[in-house]
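Visitor: One structure, pasted below without further comment.
The values are calculated or read from the model by the stated rules, or taken from the named source; none is laboratory data. Please read these numbers as outputs of a predicted model, since none were measured by experiment. For neighbour counting, all protein chains shown are included, and Cβ atoms are generated from backbone atoms with ideal geometry for every residue, glycine included. What goes into the accessible areas is simple: the full protein's heavy atoms, side chains included, and nothing from ligands, DNA or RNA. Shrake-Rupley method; radii C 1.70, N 1.55, O 1.52, S 1.80 Å.
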Amino acid sequence: MKIKSMTATFGRLDRARLEPGPGLTLIHAPNEGGKSTWAAFWRAMLYGIDTGDRDKKGYLADKNRYQPWSGAPMEGEITLELEGREITIRRGSKRNAPFGVFSAVYAGTQEPVPGLTAANCGELLTGVGAAVFTRSAFLGNGNLSLTTAPELERRIAALVTSGSEDVSFSQAMERLKAWKNRRQVNRSVGEIPKLEGELVQVREQLKELEDISAQAARLEGELVQLTRERERLAQQAQTHRLLAQKQLSQRYAQAEAAYQSAQDQYTALEKELSRFGTLPDPETVKQAQGELQYIKVLEGEIKQGEEALKEAEEASAQAQEAVKDERFTGMSGDEAAAKAAEEAAAVQIDLGTVEKHRLATPGIAAMFIALFVLLGGIGYLSTHNITLCLWLSLSWTCFVIVTTLINRRKVKAARKRIDAVLSRYGVGAPEELTALAQRYRERCQAAEKAAHEAEVIRNAVADRREKRDAAKAELLDFVHGFAPEVKDLFGCSAALSRALNLDHDLSLARERAQERRRRLDDLAAQGAGAPVEEVPALPVPEMSAQETDRALTRTAGRLEQVSAQCNQVHGTLQAMGDPAALAAQREELETVLARKRLELDALTAAIEGLTHANALLQERFSPELNRLAGEYMARLTGGKYPAVSLTRELEGFVRTGGEVLPRSALYLSRGTVDQLYLAVRLAVCRLCLPERPPILLDDALAAFDDARLMAALELLWELSGEQQVLLFTCQSRESQALGSTPGVTRVEL
């Protein structure tokens, strides 16, 4: 089957027409150019529009989504070539039913195509239902992912076996599971659990009759035993009361002696305290101990400061010694630097004078010779008197000689001043003099810094000593208030500790005496007192008094409970039904339950057999589907993934040439996943669509890179030799990649 032309008033399409070629047709349009609308129109013309579909949040039903924008009725026409003849299919609106009108005639005539109706149009033309068609030859909206469906499952099974299957494995399995669930679901719901529950109830009633009879006899015997046990425990409780009174009197005597001892100790501590006068409160003593610790800290800081002061004074002395320099005696660093800069500037001036006169001497000599020749020549040419020429030359010579002698004297004086300055400082250049003064200034600054640091440390040590002496005097004044014999810090520490300990011991003794007085009063309140007469010896019971009381309470409670249970059991025996009727009901339930269990075993065996048969069926089919999908995947990926395997749910796995285990599609990139499911869809088309309907792809290659796009186009071009291919795209890559490939039809929307 091949599409010759399509005319649509559908969504944004208004009487639009599309004429694909017989092989591969490349249909280019920008976004919102109508590509997806043409794809939806092709599917709707084949299988109609589901009028029962409803809009949902984030979703529009096709009947509303593709209502013509122009307001015209939804209608369309497709001309197909089928088995050597052309047929025209038309669909139009009928009242509120989109595409409710259908007709199929041979092209150019009004002769209806026999057997072709609105309900079976898509399945007769493509050979498959809508579920298989949308999972194979219809790659719309750029979505290549693939899921299974019962119809597709039946198609796969039909290809493997005789081709006469009417029910898929999943449908048969669902029916068997429904029958099984009717009998038993999760061991809690169904006919079998219900029968088992009823049987359990009957058995429990029968057993309850037997148990209650035995319970009645046991309770009567227990009543007798409990009565005897209560009497025995009552005697033991009386014995415990007598023994407790004796022990209470003994504890009173011990408590009285302990109180007298604590009172004597408290009195002794009060006498000891009176020897020291009035002690300060503990918080004040603790503060004094803190002052003592502060003095010790100051002592440590003073010791460290004295050591640091010694080091700083030594460093200052070394710095003062290093600053001594006979060339700058009595000068500060800045004064030495200023003087050195001044004398260096004078030396520079004298050096300039020497250099200037050194360069001027050859110039004067050259000028003398030139003027001598010039004056002689001028005089001779003007007067022809040789004497006048000689006199002029001699005068100029004398002038030059005098000038030269004066310059030499200036140079000599400048050199003498330079040598005097440089030799006085022991340097060879004015730059060295400046550097010498700079080093002297740095030493002066270091000495001043060392002296300042020593002074800072000296002041800090003096401050610590002053604080220590003041704190020590204040502490001694405080301690002398209750320990006048103390003279040093060691004595202060001992006196403070003694004051705290004595106050603490007195407080403990007071609390101990008060606690023992309360204990004595408590025993007296319990009825204790000094024993008047000796209590006769009594045997000690095996259990303690508390255990005896608890046992007596439990026994009395149990006796009351057993008496009530005994009365209740006798009433229950009278109220229960006939044991013979319960036995007959039990036998009937056991018979029905056995039959239902046999049915459940048969259904379980059928499910296992069907599952095994389906596994064998998959083993026969999966290799063929995997092989063909693997061939297509190898071509699409340039041989990187030559093997493909699929689960029952058509979830894809791939394997490279060097891998042993397959890799799930979840680990692949978006483009590779699209290539995998394109290969699977093309394989399903090849195996399950014998009618070879046109393959429609809507932006299906958008995620492919250039190399894999070229491979996909080559594969589609080859398939278009046997099956018409319509490739919708919004890009120009496909057109550029196909180039001048023969047999490709290009359409611009």
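Condition check ((1) modelled with pLDDT of 90 or more; (2) open to solvent by less than 10 Å² (accessible area, probe 1.4 Å); (3) under 25 Å from Leu152 (Cα atoms); (4) not acidic (Asp, Glu)) across all residues:
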{"site": "Thr647", "(1), (2), (3), (4)": "no, no, yes, yes"}
{"site": "Phe653", "(1), (2), (3), (4)": "no, no, yes, yes"}
{"site": "Asp674", "(1), (2), (3), (4)": "yes, no, yes, no"}
{"site": "Leu682", "(1), (2), (3), (4)": "yes, yes, yes, yes"}
{"site": "Ala711", "(1), (2), (3), (4)": "yes, no, no, yes"}
{"site": "Thr729", "(1), (2), (3), (4)": "yes, yes, no, yes"}
{"site": "Arg733", "(1), (2), (3), (4)": "yes, no, no, yes"}
{"site": "Val744", "(1), (2), (3), (4)": "yes, no, no, yes"}
{"site": "Glu748", "(1), (2), (3), (4)": "yes, no, no, no"}
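Visitor: Among the residues in the stretch 231-241, are any more than 24 Å from His480 (Cα to Cα), at pLDDT 80 or above and among the charged types (D, E, K, R)?
Guide: Checked the stretch 231-241: at least one residue is more than 24 Å from His480 (Cα to Cα), at pLDDT 80 or above and among the charged types (D, E, K, R).
Visitor: Right, Gly428: at pLDDT below 80, of a type outside the set (A, V, I, L, M, F, W, C), assigned to a helix (DSSP H, G or I) and out of contact with any Cys (no Cβ under 9 Å at 6 or more places or on another chain) or not?
Guide: no
Visitor: Inside the stretch 242-262, can you point out the residues that are of a type in the set (S, T, N, Q) and either open to solvent by 60 Å² or more (accessible area, probe 1.4 Å) or within 60 Å of the chain's Cα centre (by Cα) (or both)? First the steps, then the outcome.
Guide: If we filter the stretch 242-262 for residues that are of a type in the set (S, T, N, Q), which is where we start, we get 245, 247, 249-250, 254, 260-261.
Answer for the stretch 242-262, where residues must be of a type in the set (S, T, N, Q) and either open to solvent by 60 Å² or more (accessible area, probe 1.4 Å) or within 60 Å of the chain's Cα centre (by Cα) (or both): Gln245, Gln247, Gln250, Gln254, Gln260, Ser261.
Visitor: To continue, here is another question. Taking the options His612, His570, name whichever one is at pLDDT 70 or above, open to solvent by 40 Å² or more (accessible area, probe 1.4 Å) and not basic (Lys, Arg).
Guide: Answer to the selection: His570.
Visitor: Looking only at the stretch 93-149, which residues are of a type in the set (Gly, Ala, Ser) and either within 20 Å of Glu77 (Cβ to Cβ) or without any contact (Cβ under 8 Å) to a residue 12 or more places away in the chain (or both)? Let's see the steps before the verdict.
Guide: The initial filter retains those residues of the stretch 93-149 that are of a type in the set (Gly, Ala, Ser), namely 93, 97, 100, 103-104, 107-108, 115, 118-119, 122, 127, 129-131, 136-137, 140, 142, 145, 149.
Selection gives Ser93, Ala97, Gly100, Ser103, Ala104, Ala107, Gly108, Gly115, Ala118, Ala119, Gly122.
Visitor: Determine whether Arg441 is crowded, with 16+ Cβ neighbours inside 10 Å, in contact with a Gly (Cβ under 8 Å, 6 or more places away or on another chain) and within 30 Å of Leu351 (Cβ to Cβ).
Guide: yes
Visitor: Within the set of pairs 6+ apart or on separate chains, which have a first residue in the stretch 483-494 that is assigned to a helix (DSSP H, G or I), a second that is of a type in the set (S, T, N, Q), and C-beta atoms under 8 Å apart?
Guide: Matching pairs, first to second residue: Ser493/Gln289.
Visitor: Is the stretch 18-30 home to any residue that is outside any loop (DSSP other than H, G, I, E, B), among the polar types (S, T, N, Q) and in contact with an Asp or Glu (Cβ under 7 Å, 6 or more places away or on another chain)? Please lay out each step first, then the result.
Guide: Taking the stretch 18-30 and keeping what is outside any loop (DSSP other than H, G, I, E, B), we get 18, 24-28.
If we keep only those that are among the polar types (S, T, N, Q) as well, we get 25.
When the remaining residues are screened for being in contact with an Asp or Glu (Cβ under 7 Å, 6 or more places away or on another chain), the result is none.
No, the stretch 18-30 has no match at all.
Visitor: Additional query: Given the conditions (1) modelled with pLDDT of 80 or more; (2) open to solvent by 60 Å² or more (accessible area, probe 1.4 Å); (3) of a type outside the set (D, E, K, R); (4) closer than 15 Å to Ala244 by Cβ, which single one is not true for Gln526?
Guide: Unmet condition: (1).
Visitor: Could you grab me the full set of residues in the stretch 81-125 that are of a type in the set (Gly, Ala, Ser) and more than 22 Å from Glu19 (Cα to Cα)? Working first, answer last.
Guide: Just the residues of the stretch 81-125 that are of a type in the set (Gly, Ala, Ser), to begin with: 84, 92-93, 97, 100, 103-104, 107-108, 115, 118-119, 122.
Scanning the stretch 81-125 gives Ser93, Ala97, Gly100, Gly115, Ala118, Ala119.
Visitor: Being open to solvent by 40 Å² or more (accessible area, probe 1.4 Å) and within 60 Å of the chain's Cα centre (by Cα) is the filter; apply it to the stretch 461-492 and report the residue that is farthest from Ile295 (Cα to Cα).
Guide: Ranking the qualifying residues of the stretch 461-492, first place goes to Asp463.
Visitor: Restricted to the stretch 319-338, and to residues that are touching a residue at least 60 places away in the same chain (Cβ under 8 Å) and open to solvent by 70 Å² or more (accessible area, probe 1.4 Å), which residue is nearest to Ala420 (Cα to Cα)?
Guide: The residue in question is Arg327.
Visitor: Something else: Just one of the numbered conditions (1) within 53 Å of the chain's Cα centre (by Cα); (2) over 19 Å from Pro693 (Cα atoms); (3) open to solvent by 50 Å² or more (accessible area, probe 1.4 Å); (4) not charged (D, E, K, R) is not true of Tyr47; which one?
Guide: Condition (2) is where Tyr47 drops out.
Visitor: While we're on this one: Checking the structure you have, find out if any residue of the stretch 51-73 is closer than 30 Å to Trp717 by Cα and either in contact with a Phe, Trp or Tyr (Cβ under 8 Å, 6 or more places away or on another chain) or of a type in the set (Gly, Ala, Ser) (or both).
Guide: As a first pass, look at the stretch 51-73 and keep what is closer than 30 Å to Trp717 by Cα: none.
No: the stretch 51-73 contains no residue that is closer than 30 Å to Trp717 by Cα and either in contact with a Phe, Trp or Tyr (Cβ under 8 Å, 6 or more places away or on another chain) or of a type in the set (Gly, Ala, Ser) (or both).
Visitor: Out of Leu715, Leu666, I need the residue that is of a type outside the set (Ser, Thr, Tyr), more than 17 Å from Glu631 (Cα to Cα) and part of a helix (DSSP H, G or I). Which one? Spell out how you get there, then give the answer.
Guide: Numbers: Leu715 fails: more than 17 Å from Glu631 (Cα to Cα).
Leu666 is the lone residue from the list that is of a type outside the set (Ser, Thr, Tyr), more than 17 Å from Glu631 (Cα to Cα) and part of a helix (DSSP H, G or I).
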